[in-house]
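First the structure, in the form of structure tokens, and then the observations on it.
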Amino acid sequence: MEVAATGKAVCRATKMGAVWDRDRDRDRGASEKLSQQGTKGTSPTRSGWNRLRTGFNGEEREMGCGCNTSPNILPYTISFTALEGFDDGVTRLPGIGSQPRSLSLSCGSENGGTDGDGRKWESDVKYIAGNYPHARAQYQDSSIVSEVPYMDARIFISEVTYNLPIMLKTRYWLRLYFYPSEYSGLNITNSYFSVVAGGVTLLNNFSASITAQALTQAYLIKEYSLAPMNHQILNVTFKPADRPDAFAFINAIELVPMTDLFGSGTMVGFSDQNFDAVSANLETMYRLNVAGQYISPTKDSGNLTRTWYNDAPYLFGAATGVNLQTNESFKVQYGELTESVAPPDVYRTARGMGYHKDLNLAFNLTWLFQADANFTYVVRLHFCEFQLTKVNQKVFNIYINNQTAQVEPNAADIIGWTGEIGVPTYKDYAVFVKDRPGDEEIRVDLHPATYSKPEFYDATINGIEVFKMSDRDNNLAGPNPVLSEMQAQHIAKASNKKFQKDHKTLTIVGTAGGVGFFFVAAACIAAYRRKKIIPGFDSHTSSWLPVYGNSHTGPDRPNMGDVLWNLELSLQLQDSPEGSKRSSEGEGSETSEESVRNRNLEMHYSNLSLGSNSEKTAESDDSVEIFSQIVNPKGR
């Protein structure tokens with residue numbers, strides 16, 4: 001082998017022919033397979049790559065092999081880059097080309113760690129240029145089951161960009177984790193910032209604190225599906241807002257390669273207009289395992305590490321149908337559908353209307369979702385029949401935002417779509433949410449169809465996903481949610497109580513002396529620690545804990561427990577109410593709705609182990625208001 005002055009290696013047939021002939025038979029299948037897939041300029045298999053790289057001693061070289069010693073040998077162009085420690089995000093496997101890999105970054109941590117699900121997270125230091133401050137949360141909310149990756153945060157007071165390695169023409173999930181807690185020397189309410197990834201605006205003037213309070217969640221996970229790109233580095237830029245003391249922060253970043261799960265279809269309400277999500281950037285708004293349990297990222301299919309939640313908090317109306325479930329031995333047969341669409345557990349549970357024909361015809365199964373205006377949303381509905389076996393046994397209509405999506409004479413018939421029991425499918429419908437008062441929501445309704453006279457008047461569904469599509473400006477950012485009047489009053493009231501308590505404590509400590517000082521100080525410290533550990537006892541422990549979403553007690557939570565659990569978390573207050581005990585007067589004048597609320601409150605406290613019996617009976621009107629907010633949500 002000779003090396004020309006230009007730095008190119010000139011291949012001699014007499015010297016290289018034997019090497020290629022020896023590996024030809026073994027590599028031919030892989031090369032032909034890659035060629036059929038349209039791969040051009042693909043490197044040889046791993047064995048040939050190693051021999052050639054060794055010959056160049058790791059230096060940057062390009063070899064053009066124009067030999068024709070064998071008709072089965074194709075010319076290759078191979079580039080070698082000698083950058084020690086560089087990780088291009090690619091796992092190369094013998095004979096099958098290149099495979100993208102995932103990134104899980106614990107931002108602000110020095111060495112990463114392992115979370116409660118056993119997933120490993122690495123530090124983010126090698127993906128940003130420069131030294132940027134990091135901070136540790138001063139308390140761990142009770143809804144966070146693992147310190148990793150929430151307790152550490154990377155802080156930015158100026159524009160900063162992460163450089164993440166990606167594969168060409170590959171779609172990725174990008175997840176951003178935010179825990180708007182108290183960090184030393186920082187006021188989390190001053191945190192406003194934007195995030196841009198690959199030229200797509202994900203967040204703008206974003207406040208994690210306001211969003212978490214409005215959504216009644218302790219922490220947030222923002223998930224995006226980024227369209228395939230023509231470069232190998234994804235730039236994710238954080239920029240603080242142009243306001244005094246503003247800063248940006250991030251607790252964790254996930255980057256997960258995915259198969260392309262999005263296609264095209266018809267816009268609901270516009271039969272002559274189509275939507276195309278193949279090349280679109282999307283944000284995951286909701287992902288529900290209907291009538292099923294929480295599915296953790298480690299139980300997701302296709303190694304996509306998605307999280308699936310129960311649908312109960314989004315059901316609308318008094319009639320919520322019945323939960324249907326098959327046993328774990330029931331085999332879900334994906335057939336031509338990739339298993340990455342949804343895990344088998346999604347298709348083993350469903351919500352139906354019930355067994356009474358006349359009653360089913362009198363109501364709809366309805367889900368209600370808050371949404372940002374002026375965006376198009378893809379509503380994906382998952383179906384799998386595990387009870388019936390014939391066409392026209394169960395047929396139903398689908399409405400989205402009171403517009404026909406799938407109605408008779410072409411109504412939904414799951415067996416008609418799949419052909420047999422146990423075969424899953426999904427349907428995508430796109431709807432545009434207008435900017436009009438009361439329109440900032442997505443409503444999904446199912447109702448039995450009667451046109452074909454089916455055997456059963458019923459409707460069932462297994463899963464629901466809602467994705468926001470980027471607009472013409474490549475923007476996915478929506479406004480910060482507006483706190484309801486009740487939420488704002490509660491936060492202000494809690495802050496005032498904390499100030500009064502802190503003032504009283506300081507007065508006691510200031511007047512105490514000698515041994516008495518130490519006793520008082522010790523008592524204060526003990527109480528303070530107790531407040532930090534027990535949820536709902538201090539204003540900074542997120543009295544607005546998650547009603548639903550990124551907080552869970554584990555994958556084995558029963559369905560009825562979901563409802564009680566949501567009530568427990570949202571009904572916990574920061575402090576014991578003062579002077580607002582519910583009087584017994586007027587009990588006889590309670591409406592039926594108030595009676596239901598009171599019974600739920602009693603049920604809530606019977607399941608709590610916090611406080612004494614006297615504290616339980618001292619519940620304030622705030623609790624009733626919070627329960628009212630769950631039943632009739634005013635915000636996102």
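The residue pairs whose first member lies in segment 304-327 and is open to solvent by less than 20 Å² (accessible area, probe 1.4 Å), whose second member is assigned to a loop (DSSP other than H, G, I, E, B) and among the basic types (Lys, Arg), and whose beta carbons are closer than 9 Å, counting only pairs six or more residues apart or on different chains, are 310/557. If you go through segment 411-449 and keep only what is more than 28 Å from residue 345 (Cα to Cα) and either small (Gly, Ala, Ser) or surrounded by fewer than 15 Cβ atoms within 10 Å (Cβ to Cβ) (or both), you end up with 434, 435, 436, 437, 438, 439. Quick one: is residue 260 modelled with pLDDT under 95, surrounded by fewer than 22 Cβ atoms within 10 Å (Cβ to Cβ) and either part of a loop (DSSP other than H, G, I, E, B) or in contact with a Lys or Arg (Cβ under 8 Å, 6 or more places away or on another chain) (or both)? It is true that residue 260 is modelled with pLDDT under 95, surrounded by fewer than 22 Cβ atoms within 10 Å (Cβ to Cβ) and either part of a loop (DSSP other than H, G, I, E, B) or in contact with a Lys or Arg (Cβ under 8 Å, 6 or more places away or on another chain) (or both).
Filtering segment 450-469 down to residues that are hydroxyl-bearing (Ser, Thr, Tyr) and buried (at least 19 other Cβ atoms within 10 Å of the Cβ), which residue is nearest to residue 345 (Cα to Cα)?
460
Give segment 197-208 a look and list any residue that's open to solvent by 10 Å² or more (accessible area, probe 1.4 Å) and not in a strand (DSSP E or B), or say none. Scanning segment 197-208 gives 198, 199. Among the residues of this structure, residue 472 does not count as one that is among the basic types (Lys, Arg) and surrounded by 15 or more Cβ atoms within 10 Å (Cβ to Cβ).
Every residue, every condition in (1) under 25 Å from residue 488 (Cα atoms); (2) open to solvent by 10 Å² or more (accessible area, probe 1.4 Å), yes or no:
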{"site": "217", "(1), (2)": "yes, yes"}
{"site": "225", "(1), (2)": "no, no"}
{"site": "254", "(1), (2)": "no, no"}
{"site": "271", "(1), (2)": "no, yes"}
{"site": "285", "(1), (2)": "yes, yes"}
{"site": "292", "(1), (2)": "no, no"}
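Taking the residues in segment 141-154 that are in contact (Cβ under 8 Å) with a residue 40 or more places away in the chain and polar (S, T, N, Q) as candidates, determine which candidate is least open to solvent (accessible area, probe 1.4 Å). Only one residue fits best here, namely 143. Residue check: residue 144 meets all listed conditions (1) closer than 27 Å to residue 378 by Cβ; (2) in a loop (DSSP other than H, G, I, E, B) but one, namely (1). Taking the listed residues 280, 246, the one that is aliphatic (A, V, I, L, M), over 18 Å from residue 426 (Cβ atoms) and either open to solvent by 20 Å² or more (accessible area, probe 1.4 Å) or not in a strand (DSSP E or B) (or both) is 246, with no other qualifying.
The values are calculated or read from the model by the stated rules, or taken from the named source; none is laboratory data. What you see is a predicted model, and the numbers here were worked out from it, not measured in a lab. Note that each Cβ is placed from the backbone with ideal geometry, even for glycine, and that neighbours are counted across all protein chains shown. In case anyone asks, the SASA skips ligands and DNA or RNA and just uses the protein heavy atoms, side chains included. Shrake-Rupley method; radii C 1.70, N 1.55, O 1.52, S 1.80 Å.
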